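Student: Questions regarding the structure given below will be posed in turn.
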Amino acid sequence: MSTGMTRWWISGFPTKRLENLPCYPALLCVEVIELSDEEVAKTDNSASADALSNSVLEETKSLWKVIGLGSLTASMCCLPSVVWVLFAGSSAIVAADQLSNDLYYGIARPIVYAVALAVVGVGLVIHFRSRGICDLDQAKRERRRIVNSTLAVLTATFLVYFVWNYIILEVIGIAVGLPWAESAIWR
C-alpha cells in the first residue's frame with residue numbers, strides 16, 4: 001500500500017476527504033476506490049484532466065437547461081399569443097393581441113417573473129445538490145463557486161430572455177400579423 005496519505009478517487013476526481021460524496025449516491029453511481037500515492041500519481045495527469053473537462057461540460061449543460069427554462073417561463077406574457085396565432089391563423093389576431101396586452105400590462109407579468117425567478121432558484125439548488133453541495137458547511141466551503149455561478153446564471157437568463165422575448169418573439173409576432181410593430185423595441 002502507501003506509506004503516505006491515502007487518497008480517495010471519487011467520480012474521476014482525486015480528493016483527500018470522503019465527505020465530498022454527492023448527496024444522492026443512489027442516483028449518481030459514485031464509485032469510491034482507495035488508491036495508493038503511486039497509483040494516484042499515475043492517474044492524476046491523464047484521467048483527472050479528462051474527467052475535469054467532462055465535468056465542466058456537464059455542469060455547463062446543466063446550467064444552460066436552467067437558463068433556458070427560466071427564460072422560457074419569463075416570456076409567458078408574449079409566447080401564448082404568438083403560438084395562438086400560429087395555430088389558429090389570422091382569425092385569432094385580435095384576441096391574441098388582447099391576450100398579450102392583458103398578460104403584459106396586467107398583474108400576470110410580475111407573477112410570471114416571480115415564477116421564472118423561482119424556477120431558476122430551484123434549478124440552481126438541484127444543480128448544486130447534484131454536484132455534492134448538500135449542507136451549509138459545504139456551501140460555505142464552495143461559497144465563491146455558488147455566488148459566481150448564480151450571478152452568471154441570472155445574467156445569462158436575463159440576456160436570453162431579453163433576446164428571446166423582445167427580439168425573436170416580437171419579430172415572429174409581427175410576421176404572423178400581430179400589431180406589435182409600433183411598439184417594437186427597435187423603434
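Student: Condition (residue is of a type in the set (A, V, I, L, M), more than 22 Å from residue 159 (Cα to Cα) and touching a Gly at 6+ places or on another chain (Cβ under 8 Å)) applied to the stretch 63-81: is it met by at least one residue? Steps first, answer last, please.
Tutor: Residues of the stretch 63-81 of a type in the set (A, V, I, L, M): 63, 66-67, 69, 72, 74, 76, 79.
Keeping just the survivors that are more than 22 Å from residue 159 (Cα to Cα) gives none.
No; the residues of the stretch 63-81 include none that is of a type in the set (A, V, I, L, M), more than 22 Å from residue 159 (Cα to Cα) and touching a Gly at 6+ places or on another chain (Cβ under 8 Å).
Student: Only one of 111, 146, 107, 133 is within 20 Å of residue 80 (Cβ to Cβ) and modelled with pLDDT under 95; which? Give the steps one after another, and end with the answer.
Tutor: Numbers: 111 fails: modelled with pLDDT under 95; 146 fails: within 20 Å of residue 80 (Cβ to Cβ); 133 fails: within 20 Å of residue 80 (Cβ to Cβ).
Within the list 111, 146, 107, 133, the selection yields 107.
Student: I've got another one for you. Tell me, which helices (runs of 4 or more DSSP H) wholly within the stretch 72-171 include 3 or more residues that are over 21 Å from the mean Cα position of the chain (by Cα) and of a type in the set (Val, Ile, Thr)? I'd like the intermediate steps shown before the answer.
Tutor: Values: elements: 79-88, 93-105, 108-130, 136-141, 143-163.
It comes to 79-88.
Student: Looking at the stretch 120-144, I want the residues that are among the charged types (D, E, K, R) and have a partner that is assigned to a helix (DSSP H, G or I) with Cβ atoms under 8 Å, at least 6 apart or on another chain. Which pairs are those?
Tutor: Matching pairs, first to second residue: 131/59; 142/128.
The values are calculated or read from the model by the stated rules, or taken from the named source; none is laboratory data. This is a predicted model, so every value here is computed, not measured. Heads up, the Cβs are rebuilt from the backbone with ideal geometry, glycines too, and the neighbour counts pull from every protein chain shown.
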